[in-house]
Amino acid sequence: MADVRAGYDVAVKRGQTSESFEDYLDRVYLSQGFELEKNRLGIEAVVKRD
């Protein structure tokens, strides 16, 4: 999830998006078949299942 957030921060800094992080996550990842998953430690990750 840290990588996703970093990509969002770069896009905002470059003026490529003004949407919220949640909207960015949905548009770029979740709409493409990725899913949010928490591991046993409660850390969220964006994963793609084959």
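What follows draws every value from the coordinates through simple rules; no lab data is involved. This structure is a prediction, so every number in the text was calculated from the model and none was measured. All Cβ positions, even for glycine, are placed from backbone atoms using ideal geometry, and neighbour counts span all protein chains on display.
Observations on the structure shown:
- Summing charges over all other residues whose Cβ lies under 11 Å from the Cβ of residue 20, with Lys and Arg as +1 and Asp and Glu as -1, gives -3.
- At an R0 of 35 angstrom, the distance between the Cβ atoms of residue 18 and residue 40 translates into a FRET efficiency of 0.45.
- Between the listed residues 10, 34, 21, the Cα displaced farthest toward the positive end of the dipole of the chain, a dipole computed from Cβ unit charges relative to the Cα centre, is found at 10.
- Using only side-chain charges placed at the Cβ, +1 for Lys and Arg and -1 for Asp and Glu, the dipole size of the chain relative to its Cα centre rounds to 160 debye.
- Total formal charge among the other residues, if their Cβ is under 10 angstrom from that of residue 37, Lys/Arg +1 and Asp/Glu -1: 0
- Percent RCO, i.e. relative contact order, over the chain, from Cα pairs under 8 Å lying at least 6 residues apart: 30
- Working from label points 7 Å from Cα in the Cα-to-Cβ sense, the residue 1 to residue 32 distance is 1.9 nm.
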